[in-house]
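Engineer: Okay, here's the structure, questions in a sec.
The values are calculated or read from the model by the stated rules, or taken from the named source; none is laboratory data. Bear in mind that the values here come from a model prediction, so they are computed numbers and not experimental data. All Cβ positions, even for glycine, are placed from backbone atoms using ideal geometry, and neighbour counts span all protein chains on display.
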Amino acid sequence: MARRFTDDRLVIASHNDGKVREIADLLAPFSIAVESAGALGLPEPEETGTTFAENAILKARASADGSGRAALADDSGFSVAALGGAPGIHAARFAERADGVRDFDWAMEQINAARSDAGDDLAWFTCALALAWPDGHVEVFEGRVDGTLTWPPRGDRGFGYDPIFIPAGGAATFAEMDPDAKHAISHRAIAFRALIDACLAPDG
């Protein structure tokens, strides 16, 4: 049995405003007040894991230890078949130019060039959520959504690689979709449903 979350406050172990906003929206129905690790001045731990789950656990434990409150971390990434599954867990670092500036427009151009050369449009988003308590206990949940790449980028909603990803069975990119529609089918939403069922949904 997964541990139940019974607090009314939760730290979101992220410095990414887009990700924090999306997670806060998903938690809104449960009347849970959230604060981000960035807003609390907590440092970002080095992501030394080799999987999404390992990195999510590292971040959740760091924020739980630093804040003394339960913390929820998301580790997610974008995988492209034409790149052999890369950038995967390195999706954010993949967007860093030589000068260290994170530029997703530039990163999407690199992905488009690779998919054009390979003739393979398949891609997928993966999300691992780790909910950690200050006593060290952690629960982990994962989700994945498959789809295809499109070019040029479309839409100004979402963040990261959303403008070039069309989920399977759809016609709009994640960046064109209404946030509620995206929340209903995204990799993060799939992982969240598992977390909610296990840790937040009322018993019975």
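Engineer: Going residue by residue through the range 143-155, is there one that turns out to be of a type in the set (A, V, I, L, M, F, W, C), touching a residue at least 60 places away in the same chain (Cβ under 8 Å), in a strand (DSSP E or B) and surrounded by fewer than 20 Cβ atoms within 10 Å (Cβ to Cβ)?
Structural biologist: No: zero hits.
Engineer: For the range 159-185, which residues satisfy the criterion of being closer than 17 Å to Val80 by Cβ and outside any helix (DSSP H, G or I)?
Structural biologist: Gly160, Tyr161, Phe165, Ile166, Pro167, Ala168, Thr173, Phe174, Ala175 - these are the residues of the range 159-185 that are closer than 17 Å to Val80 by Cβ and outside any helix (DSSP H, G or I).
Engineer: Among the listed residues Asp75, Asp135, Asp103, identify the single one that is closer than 14 Å to Tyr161 by Cα and of a type outside the set (A, V, I, L, M, F, W, C).
Structural biologist: Asp103
Engineer: With the requirement that a residue be part of a strand (DSSP E or B), of a type outside the set (A, V, I, L, M, F, W, C) and surrounded by fewer than 20 Cβ atoms within 10 Å (Cβ to Cβ), what does the range 104-138 give you?
Structural biologist: Residues satisfying the conditions do not exist here.
Engineer: Pick from Gly169, Gly143: which is out of contact with any His (no Cβ under 8 Å at 6 or more places or on another chain) and of a type outside the set (A, V, I, L, M)?
Structural biologist: Only one candidate passes the filter, namely Gly169.
Engineer: Oh, and also: Filter the range 27-56 for residues that are assigned to a helix (DSSP H, G or I), among the hydrophobic types (A, V, I, L, M, F, W, C) and surrounded by fewer than 21 Cβ atoms within 10 Å (Cβ to Cβ) and give the result.
Structural biologist: Of everything in the range 27-56, those that are assigned to a helix (DSSP H, G or I), among the hydrophobic types (A, V, I, L, M, F, W, C) and surrounded by fewer than 21 Cβ atoms within 10 Å (Cβ to Cβ) turn out to be Leu27, Ala28, Phe30, Ala53.
Engineer: Now for a separate question. Looking only at the range 57-68, which residues are surrounded by 16 or more Cβ atoms within 10 Å (Cβ to Cβ) and either at pLDDT below 95 or not hydrophobic (A, V, I, L, M, F, W, C) (or both)?
Structural biologist: Scanning the range 57-68 gives Lys59, Arg61, Ser63, Gly66, Ser67.
Engineer: Looking only at the range 9-26, count every residue that is farther than 18 Å from Phe159 by Cβ and in contact with a helix residue (DSSP H, G or I) (Cβ under 9 Å, 6 or more places away or on another chain) and tell me the total.
Structural biologist: So the count comes out to 2.
Engineer: How many residues are more than 29 Å from Asp7 (Cβ to Cβ), out of contact with any helix residue (DSSP H, G or I) (no Cβ under 7 Å at 6 or more places or on another chain) and in a helix (DSSP H, G or I) if we restrict to the range 65-103?
Structural biologist: The qualifying residues number 3.
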